[in-house]
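First the structure, in the form of structure tokens, and then the observations on it.
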């Protein structure tokens, strides 16, 4: 397939308008934060939609954050037992 047979896109720059997150509160008190980011956006240079409008290619990613109502979490005891702060590298002087 030659490049003549492919749709060519110009990459578009973009800026966020409005808030970074949309936040929802569930009936059990859990908070759900939703963040959508654009990864890449382009407009077709050699192709239009059937109705004549520009054709866009949009790659987006979605990030969900759940904050439980109780705001608690658990770790195994050995994950914190006997932990000491790391010592500085041998070549550092104090």
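The values are calculated or read from the model by the stated rules, or taken from the named source; none is laboratory data. Note that the coordinates shown come from a computational prediction; the quantities given were computed from them, not determined experimentally. Backbone-built Cβ (ideal geometry, glycine too); neighbour counts: all protein chains shown.
Residues considered: 70, 76. Of these, the only one that is over 30 Å from residue 3 (Cα atoms), surrounded by fewer than 11 Cβ atoms within 10 Å (Cβ to Cβ), within 26 Å of the chain's Cα centre (by Cα) and modelled with pLDDT under 95 is 70. Of all residues in region 18-51, those that are out of contact with any strand residue (DSSP E or B) (no Cβ under 8 Å at 6 or more places or on another chain) and not in a strand (DSSP E or B) total 7.
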